[in-house]
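I have placed the structure first, in the form of structure tokens, so that the comments after it can refer back to it.
The values are calculated or read from the model by the stated rules, or taken from the named source; none is laboratory data. Computed from a predicted model, the values in this text were never measured in an experiment. FYI the Cβ positions are ideal-geometry reconstructions off the backbone, even for glycines, and counts take in every protein chain you see. All accessible areas refer to the heavy atoms of the entire protein, side chains included, with ligands and DNA or RNA removed. Shrake-Rupley method; radii C 1.70, N 1.55, O 1.52, S 1.80 Å.
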Amino acid sequence: MTTLIRLPVAAVACAALAAAAQQPRPFDILITNARIVDGTGAPATNGSVALRDGRIVEVGSVSGPSARTIDARSRVLAPGFIDPHSHSDYALLVDGNAESKIRQGVTTEVIGESGSVAPRV
């Protein structure tokens, strides 16, 4: 004989919401099989990096669904580099996207310490 248990609709809805809350959203990007250099001076490690909403949310042994997966096998993944003394003022006027720097991994640049092409007030 089968026993039928009746649960209030609210209890079923709460259980469904709790189960959905435990399931994290898929990652936007999952970079796998990378040689990770974290910028602290620690030795490089092999692993994955997960991003969601433009931010790093997990590093290490990461897996899960993602909108885009990038296989970084035989590649190094590192934070952006800072160029603390560049003379790129003129180059930025020619190429406002700084592609020559971005392609080298430079994401922050200090300019104008030895003079600047900017107008003086």
*Would you mind calculating the gained length between Ile102 and Arg55 on full extension (0.36 nm times residue separation, minus the Cα-Cα distance), in nm to one decimal?*
15.1 nm
_Cα→Cβ-extended label distance, 7 Å offset, between Val62 and Val94, nm_ = 3.7
*Any idea of the accessible area per residue across region 25-121, 1.4 Å probe, to the nearest Å²?*
73
*Where in region 57-79 is the amide nitrogen less than 14 Å from a point lying 7 Å along the Cα-to-Cβ axis of Ala44?*
72-79
